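Scroll down for the structure; my scribbles are underneath it.
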Amino acid sequence: SENIYATDSGVVKKLAAYDGSIVMAEENLCVIENTDELLLKITLAQENYTDISMGDKVEFSSVIAPSRKYKGTVLGKTAVVRKETSLTGSKTVVDVFASVENPDEYIISGLEVTGKAEKEKREIYTLPYEYIGQDENGEYAVIYSEGKKEKVYIETGVETEKEVEIVTAFPRDTIFLKNEHTDRERLLLKHDF
């Protein structure tokens, strides 16, 4: 069968089977998280997958009450790309889920809505690549604290051509050293995206 139906409503959190895989009769195909909350399902063309991130704000209205505006927050994206067929042809899409703030009687399950997503403005800290080292335990930075050097393991995020996002939290005035063999200092760089 091309279609598989679940016995409960909810959000698919994990898939154990993919197109072409062999599944035994008693094997679980997916994990569904049951929820009584209304969720907004946003279908994106695959090339727009990176345009929306968790935490982004969504504003939308329903087809039955287009003058009423509702807000939501992006909760996450599926890692499943699928084909969607319409009268104009087929396209490859991915689903994104968002919460619905203060739904009323004009927002009901299965309803079609239109809207837009807005990137959440957040503070992003970055360092040039030459301030980041790597060893068998992971990526690290060397900071200058209380008159001495300290090696601190870090988590990195988005990378650009010259620098990388530092996800690990540091105090605003932390001093980073270029490498372990020099006392050249550098302040943590701050960017707003």
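The values are calculated or read from the model by the stated rules, or taken from the named source; none is laboratory data. Owing to the predicted nature of the structure, the values given are computational and were not obtained by experimental measurement. FYI the Cβ positions are ideal-geometry reconstructions off the backbone, even for glycines, and counts take in every protein chain you see. What goes into the accessible areas is simple: the full protein's heavy atoms, side chains included, and nothing from ligands, DNA or RNA. Shrake-Rupley method; radii C 1.70, N 1.55, O 1.52, S 1.80 Å.
With the cut-off at 20 Å, tell me which of the pairs 71/119; 13/69; 83/116 have Cα atoms farther apart than that.
Working: 71/119 13 Å; 13/69 28 Å; 83/116 22 Å.
Exceeds cut-off: 13/69; 83/116.
Could you compute the net charge surrounding residue 91? Neighbours are other residues with a C-beta less than 15 Å from the C-beta of residue 91; K and R count +1, D and E count -1. Let's see the in-between values first.
On the way: positive: 82, 83; negative: 47, 84, 95.
Surrounding charge for residue 91 is -1.
Once a ≥ b ≥ c are taken as the square roots of the eigenvalues of the Cα gyration tensor of segment 38-112, is the result rounded (a/c under 1.5), prolate (a/b larger than b/c) or oblate (a/b not larger than b/c)? Please list the in-between numbers first.
Details: a/c = 2.33, a/b = 1.39, b/c = 1.68.
It is oblate, given that a/c is not under 1.5 and a/b is not larger than b/c.
Could you report segment 16-135's accessible area per residue, 1.4 Å probe, as an integer in Å²?
Details: 8290 Å² over 120 residues.
I get 69 Å² per residue for segment 16-135.
Run down the lysines and flag those whose C-alpha is under 17 Å from the C-alpha of residue 14, throwing out any fewer than 8 positions away in its chain.
Within reach: 41, 77.
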